[in-house]
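Beneath this line is the structure, given in structure tokens, with notes to follow.
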Amino acid sequence: MRRFVILLYLVLFLGVGGASGFFLWQAHQEYTRLKELEARTRQRLAEAQQRLKEHEIILERLRTDPAYVEMVIRRRLGYVKPDEVVFRFED
């Protein structure tokens, strides 16, 4: 009877230890996945901040630099000054 109780405790101990180890392994896998997700998200944030900075520079130039505004209008909208000739080539 005493051996049976000891064996029962041993089985319960091993079962609880195995289950704990399994849950710990799952938690570690989830932690690793979340760290990778965080790294990717931080990278995307850095790229978005860089694009924002570039757009802010362009916006500031559009507000303050008439020559830049003229260049953008000419390039994007195809505007020309009177008596100018524009040659367009197909790619």
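Laboratory data are not the source of any read-out in this text; all were calculated from the coordinates shown. Just so you know, these numbers come straight off a predicted model, no measurement behind them. Note that each Cβ is placed from the backbone with ideal geometry, even for glycine, and that neighbours are counted across all protein chains shown.
When all alpha carbon pairs of the chain are counted in 5 Å bins from zero, the resulting P(r) reads 3, 10, 8, 9, 7, 7, 7, 5, 6, 5, 5, 4, 4, 4, 4, 3, 3, 3, 2, 1, 1, 0, 0 %.
Axis angle, to the nearest 10 degrees, between helix 66-77 and the longest C-alpha principal axis of the chain: 80 degrees. Ranking Tyr79, Ile57, Val5 by Cα position along the charge dipole of the chain, where only Lys, Arg, Asp and Glu carry charges on their C-beta atoms, puts Val5 farthest toward the positive end.
To the nearest 0.05, what FRET efficiency results for Arg33 and Val72 with a Förster distance of 41 Å applied to their C-beta separation? Calculated value: 0.35. Largest GNM mean-square fluctuation across Leu37, Leu77, Leu45, computed for the chain with C-alpha springs under 10 Å, falls on Leu77. The stretch 49-83 and the stretch 1-19 have Cα centres separated by 77 Å.
Couplings 3J(HN,Hα) of the stretch 13-28, computed from phi: 4, 5, x, 5, x, x, 5, 5, x, 5, 5, 5, 5, 4, 5, 5 Hz, in residue order, whole Hz [Karplus 6.51 cos²θ - 1.76 cosθ + 1.60, θ = phi - 60°; x for Gly and Pro]. Looking at the stretch 32-91, the GluC sites (Glu not before Pro) that sit in a DSSP loop and have at most 15 other Cβ atoms within 10 Å of their own Cβ are Glu84, Glu90. Full extension from Ile57 to Val80: what is 0.36 nm times the residue separation minus their Cα-Cα distance, to one decimal in nm? Roughly 5.7 nm would be gained on extension. In a simple Cβ point-charge model (Lys, Arg +1; Asp, Glu -1; nothing else charged), the chain has a dipole of about 700 debye relative to its Cα centre.
Mind checking which of Arg44, Arg74, Arg61 has the largest fluctuation in a GNM of the chain, springs on alpha carbons under 10 Å? Ranking Arg44, Arg74, Arg61 by mean-square fluctuation puts Arg74 first.
With a Förster radius of 30 Å applied to the beta-carbon distance between Ala46 and Phe89, the computed FRET efficiency rounds to 0.20.
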